[in-house]
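The values are calculated or read from the model by the stated rules, or taken from the named source; none is laboratory data. Everything numeric here is computed off the predicted structure, so don't read it as measured data. Here the Cβ positions follow ideal geometry from the backbone for every residue, glycine too, while neighbour counts run over all protein chains shown.
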Amino acid sequence: MSLMRWTYKQQMSGVALKEFQVPSVGKSLKVVKVGEKIPIQVWELYSHSRGMPEAQITTEFHYGNAPMPEEAPAPPPTLQSPSGKRLEIKKDFTFDVLESNAMPKGRLKKENLSNNKTVMWLGLIVVGYFAYKYYNKK
């Protein structure tokens, strides 16, 4: 049995890099042209199954406006996938560089984390230094 849970993170704007169709009012489709400014929803996908040793957290981008007003609290995680068309960064769209919040806050993928081994070694050195000073008092 597997678990997939989506959590809404933020609303951004981007620029379309290729032409694609998105649902519009009613059953009609709207064509998004190359270079057009588009609204983008940022969602975090948490997935876990019995076969995987650990859970995976990825960031997904979907076309559309925010699912709730800006002043409303963030909605709780949902088991339903977002309703907008899923977009691929640098394939379907790029971030709008004119805005100050052009890049999402947080990490995009697990591989983009800082160098954790270096931080661990520095922490171990600091703890070792204070342990040495504590046990070798004169």
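In region 38-55, which residue that is out of contact with any Gly (no Cβ under 7 Å at 6 or more places or on another chain) and either surrounded by 13 or more Cβ atoms within 10 Å (Cβ to Cβ) or on the phi > 0 side of the Ramachandran plot (or both) is modelled with the lowest pLDDT? Restricting to residues being out of contact with any Gly (no Cβ under 7 Å at 6 or more places or on another chain) and either surrounded by 13 or more Cβ atoms within 10 Å (Cβ to Cβ) or on the phi > 0 side of the Ramachandran plot (or both), the top hit is 48.
Criterion first (over 16 Å from residue 81 (Cα atoms) and either assigned to a loop (DSSP other than H, G, I, E, B) or not aliphatic (A, V, I, L, M) (or both)) does residue 18 satisfy it?
yes
Screening residue 30 with (1) part of a strand (DSSP E or B); (2) modelled with pLDDT of 85 or more gives one miss only, at (2).
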